[in-house]
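Structure first, commentary second.
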Amino acid sequence: MTVSFDFSGDVVLVTGVGGALGSAVAEAFLDSDATVCGADLVDSESEDFLLDDPERIDFYQGDFTDEAEVKAAIENIVDAHGGLDYLCNIAGTWRGGSPVDETDVETFDFLFDVNLKTMFLATKHALPHLRAREGAVVSVSARSSLEGGEGDAIYRATKAGVRILTDSVAEENLGSVRANAVMPSVIDTPMNREMMPDSDFDTWVDPADIADVMRFLCSDAASVTSGAAVPVYGEA
């Protein structure tokens, strides 16, 4: 079965657009004729920027842990395109390997900044514009946020924060903005393959498949869905 969406006339902001999942989400919305705005700390000309042909999007390079930069980027997007319909909070990363008593505070600060603060700031400054268009926010939590585990407690805590903050945004904006999260496990990305070279890659989820779910959650087909944490981990 082929499913198609029409986002022509709509504006979407994708944070972390240069990464494996961010670029897949941007591609999905481009395929549906949306105006795609992307933000990333990585320069679009860097070899680490994975989106093919970045000129197809309206790109904003900046640090989304800095509130002034987030506010300015979103204001520029609204000024340039007349509004904002959807926000996809994808900026994030993983760090782990140490138990809590051996984890340095720099790692704690880094993960909360990249995984949770970016999501908070982008959502905070996007919400007034999303309300004006009865739009939607989709953020990236994680399957591991549902329980404790060994070696990556701080990462799990940040992704639990994303999930709870998403639920709160949904409650605070009933009838005006829908907010949902997706929960991947291991995504099939070049970085994950490099970190776990002996794993069974066939069980990992393609970023494009997660992008399809995120696009669905922004669409009218999900108009009755808000406050959800949607599993997107397949067999991983």
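The values are calculated or read from the model by the stated rules, or taken from the named source; none is laboratory data. Everything numeric here is computed off the predicted structure, so don't read it as measured data. Note that each Cβ is placed from the backbone with ideal geometry, even for glycine, and that neighbours are counted across all protein chains shown. Side chains are part of the model used for accessible areas, which takes the heavy atoms of the whole protein and leaves out ligands, DNA and RNA. Shrake-Rupley method; radii C 1.70, N 1.55, O 1.52, S 1.80 Å.
So is Phe64 without any contact (Cβ under 8 Å) to a residue 40 or more places away in the chain, open to solvent by less than 40 Å² (accessible area, probe 1.4 Å) and part of a loop (DSSP other than H, G, I, E, B) or not? Working first, answer last.
Working: without any contact (Cβ under 8 Å) to a residue 40 or more places away in the chain: no; open to solvent by less than 40 Å² (accessible area, probe 1.4 Å): yes; part of a loop (DSSP other than H, G, I, E, B): yes.
So Phe64 fails the test.
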(message) Residue under question is Glu102, and the condition is that it be touching a Phe, Trp or Tyr at 6+ places or on another chain (Cβ under 9 Å), of a type outside the set (Gly, Ala, Ser) and without any contact (Cβ under 8 Å) to a residue 12 or more places away in the chain; does it hold?
(response) no
(message) Between a residue in region 44-59 that is without any contact (Cβ under 8 Å) to a residue 40 or more places away in the chain and any residue that is surrounded by 13 or more Cβ atoms within 10 Å (Cβ to Cβ) and aromatic (Phe, Trp, Tyr), which pairs come within a Cβ distance under 6 Å, given they are 6 or more apart or on different chains?
(response) Ser44/Phe59
(message) Any residue in region 217-236 that is surrounded by 13 or more Cβ atoms within 10 Å (Cβ to Cβ) sitting within a Cβ distance under 6 Å of a residue that is assigned to a helix (DSSP H, G or I) and not polar (S, T, N, Q)? List the pairs, counting only those 6 or more apart or interchain.
(response) Ala222/Phe216; Ser226/Ala170; Gly227/Asp167; Gly227/Ala170; Ala229/Arg163; Val232/Ile210; Val232/Val213; Tyr233/Arg143
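Take region 6-27 and flag every residue that is hydrophobic (A, V, I, L, M, F, W, C), open to solvent by 10 Å² or more (accessible area, probe 1.4 Å) and either at pLDDT 95 or above or touching an Asp or Glu at 6+ places or on another chain (Cβ under 7 Å) (or both).
Applying the first criterion (hydrophobic (A, V, I, L, M, F, W, C)) to region 6-27 yields 7, 11-14, 17, 20-21, 24-26.
If we keep only those that are open to solvent by 10 Å² or more (accessible area, probe 1.4 Å) as well, we get 20-21, 24.
Hits for region 6-27 are Leu21, Ala24.
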